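Please read the structure below before turning to the comments.
Read the figures in this text as sums done on the coordinates, not as results from a lab. From a predicted model like this one, the values you see are computed outputs, not experimental measurements. Glycine also receives a Cβ, built like all others from the backbone with ideal geometry; neighbour counts cover every protein chain displayed.
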Amino acid sequence: MKQNQLLVLLFAFVLALAGCAAPGAGTAPTGEATTAGGGQAVLIIPEEPATLNPYLAVAAIVEQVADATVVGLSYVDASGEFQPELAQEIPTIANGGVSEDFLTVTWRLRPDLRWSDGEPITSADIVCTWEAVTDPNSGTVLSTGMELIQSIDTPDELTAVLNYSAVNNAYPNQFANGIFPCHAIGAPDDMENWAWNRFPVAAGPYVLTQWNSGESIVMDRNPNYYEEGKPSIDRLIFAIVPDPGAQMAMMVRGEGDIHLWPGAGEDVYNSQVAGVASLAEIPGQWNMALRFNLSQPFNNDPGAEPPHPFLGDLRVRQAIAHATDYDLITNEVNEGTSPAVTPFEYGWYQCDVERVYTFDPERAAQLLEEAGFVDTDGDGIRECRGCLYAQEGQRLSLQMDGYTNFQPLVQLEEALVEMWRQVGIEATIQNDDFSIIFGSYADGAPRKTGNFDILVYDSSLSIEPHATIANSFHSSAIPTAENPAGANYSRWVNAEADAAIESAGSTVDIDTRRAAYCDLAELIAADLPQLHLYLFTEGYGASNRISGYEVSIWGSMTWDVENWVIGE
C-alpha cells in the first residue's frame, strides 16, 4: 500500500529551492563526461543495502543496487514479457524446452559466457544455485518455487534439465534473481556469511569495486559482460543520501543522474529541476479497488452465506458502479492516476477489458428501483421496499473501510460518498490503522472475518500472479477459521471463475494462462466482487545527460543500466 508522502515532498522542494542539503550530502563524485559514452553516473539511493545477494533479502533497495551486477537466466522487459538473459531462450513447449506434462524444463546457456573474474559460466553453476537456495540453513527468503525442483541434470556445460515435482507457473523467472558461481561462494548453510554477498563475482554489466559504508557503492564496467559493446558508462556511483531534501538538492545542482523519487507530481518535480533533469513517470502496479462483501457481516459466520442485505444483490453493485464518476476520480480527485477495470492491467497477463458499467446515474437509479430500494420518506436515501435480502424499511447505508494516513484514499472516499448520495445510497467512512485493516484472522481483522461492507485499498500483482489470483478469487479461498490465510474477502463464489483459475494454474503455457486470466477478468468486471478504479503512477528522476534510460514497473532503477549512455 502506498503511503502518504506529502510532507516529505514539501520538505524536499523547500530544501531544493533554497539550495540546501543535509551535512555530507553531495559529496559523491559527479559524472564528468560531455561526449557520448564513457564517464560515470551517480545514482542516488535513500539507504544502504545490507547485502547484494537477492536470495537473502526482499528489501527493494537490494534490487536497486544488485541489478547492476547480478543477472539471471531471464529478465522481464518494460512491457512485462519474459526475455532470455544468460539463457539462449525462454523454454516453451513450442521450442522443446518444456515437456508436455510441464514437469521438465530445459535451460540452455549462451555459449562462451564468463564470470567477472574470467571463469566460464556453466550448467554446474545453475545446480550450485539450486542447492544453495534450497538448503534449509541458507537463510534464503526468496526462492521462486525452487523447492519444487526434484533434481537437475546437466548433460553438457550449457544445458540444465530441471525436473519438477509439480507444475511451477513461475518457471520463466525461476533464476531471474541470479545464479551463483560455484568457485566463488561458500557452503550453502553459511550463505548469510559469504564474502560474495558484498563483493559478488557476477555476470552483470558492472563489477563492484568499492563499498564505502554509509557513503557510496562504486561499480566499474565488467570486461566479461556478454553483450558486446555494453555497458557504455565506465563507472556507477551509488550515493547513499537518506534525506529527501538533500537528494533533491543534488539533482538541482546536477550532482545526481538517477534519483529514487518517493513522491509523485511530474509537473511540480520538473519545475524544480528544469533544464537539469525530469521525472519519468509510468502507471505503476498499485491498483485501487473497492471490495464488496457479498455475504452478511457481523453474524459470526465468515462464510459466503447468507447474502449481504444490500450487496448480495448484483443490481445494487451495478448501481454503485454506474453511480461512480471514473473520469472525475482520475482527473481531479486523484489526479495523475490511470483508469483500471480489472486486476489484470499490466504485464504479460494484461487484459483489454472495457468497463461494463460506465458512469450513468440514471441507470443506477433505475437498477435500485428494480432491486426494491426507494426513497419513501424524502430524505434522499433509499430504503428496502420489497428487496431481496434486507429487512423491510432498512436504510440503504454502507460503510467504506480503508487505512489511515493516506490522503489520496480519503479524497477518494469522500468523493464516492457524494457520488453515491446522488442516487440514494448513503455511505460512511471508517479508516483504521494498518494493523487492523490488514490484520490476521486470529486478530479478528474485518476483511478476514467478513465484518465489513466495502473495503477500499490498493494492491498489486507480481510478474507471476497465480498464487495471489487463486487466493483472492477462488471460492476455496474464503477466509475461515479452517483457512485463515484465504484472501477471497468478497466471499465470491462463481463456478466459471473457479474453472478459469484452475485452467491457468494447470499449465505453464503463457498464451493459455493469459486467455484464462482474461476470462476471469471479464467475470470480475461483470459480476463485480470488486470494482477497480485506477493505477497509481511510479516515477524516477533522471538527469537530462543520460539517454537510453527507461522506467519499468517490473524493474529496479538499474534494470536496463547496460543501455544507458552519457552525453548522447
(message) I want the antiparallel fraction of DSSP beta bridges within the range 284-536, as a percent rounded to 5.
(response) 65
(message) Charges at C-beta only: +1 for Lys and Arg, -1 for Asp and Glu. How large is the resulting dipole of the chain about its Cα centre, in Debye rounded to 20?
(response) 600
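Arrange Ser475, Ser79 by Cβ neighbour counts within 10 Å, fewest through most, would you? Present the calculation step by step, with values, prior to reporting the outcome.
Details: Ser475 16, Ser79 13.
By the 10 Å Cβ count, ascending, the order reads Ser79, Ser475.
Just subtract the alpha-carbon distance of Gln88 and Asn163 from 0.36 nm times their residue separation and send over the number in nm, one decimal.
25.1 nm
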(request) Could you please rank Val167, Val76, Val201, placing first whichever residue has the fewest other Cβ atoms within 10 Å of its Cβ? (result) Val167, Val201, Val76
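For the chain, calculate the relative contact order in percent as a whole number, restricting contacts to Cα pairs under 8 Å that are 6 or more residues apart. Write out the running numbers ahead of the final one.
Numbers: 1260 pairs, mean separation 116.7, N = 568.
Rounded, it is 21 percent for the chain.
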(request) Counting other Cβ atoms within 10 Å, keep those with at most 16, restrict to DSSP loop, and tell me which trypsin sites (Lys or Arg not before Pro) in the range 359-452 are left. (result) Arg385
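In the range 374-436, what GluC sites (Glu not before Pro) fall in a loop by DSSP, with at most 10 other Cβ atoms inside 10 Å?
Values: sites: Glu383, Glu392, Glu413, Glu414, Glu418, Glu426; in loops: Glu392.
Qualifying residues, ordered by number: Glu392.
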(message) Tell me which GluC sites (Glu not before Pro) from the range 70-114 have a DSSP coil assignment and no more than 10 other beta carbons within 10 Å of their own.
(response) Glu100
(request) Before rounding to the nearest 500, sum -39500 (n - 2.57) across all DSSP H runs of length at least 4 in the chain and divide by the residue total; then give [θ] at 222 nm in deg cm²/dmol. (result) -6500 deg cm²/dmol
(request) Take the chain, compute every pairwise Cα distance, and split them into 10 Å bins from 0; I just need the percent in each bin. (result) 3, 16, 23, 24, 19, 10, 4, 1, 0
(request) Using Cα centres only, tell me the gap between the range 311-346 and the range 512-539 in whole Å. (result) 12
(request) Compute from the Cα atoms of the range 71-198 the Rg and the Dmax, the latter being the longest Cα-Cα distance, and quote both in angstrom. (result) 14.2, 42
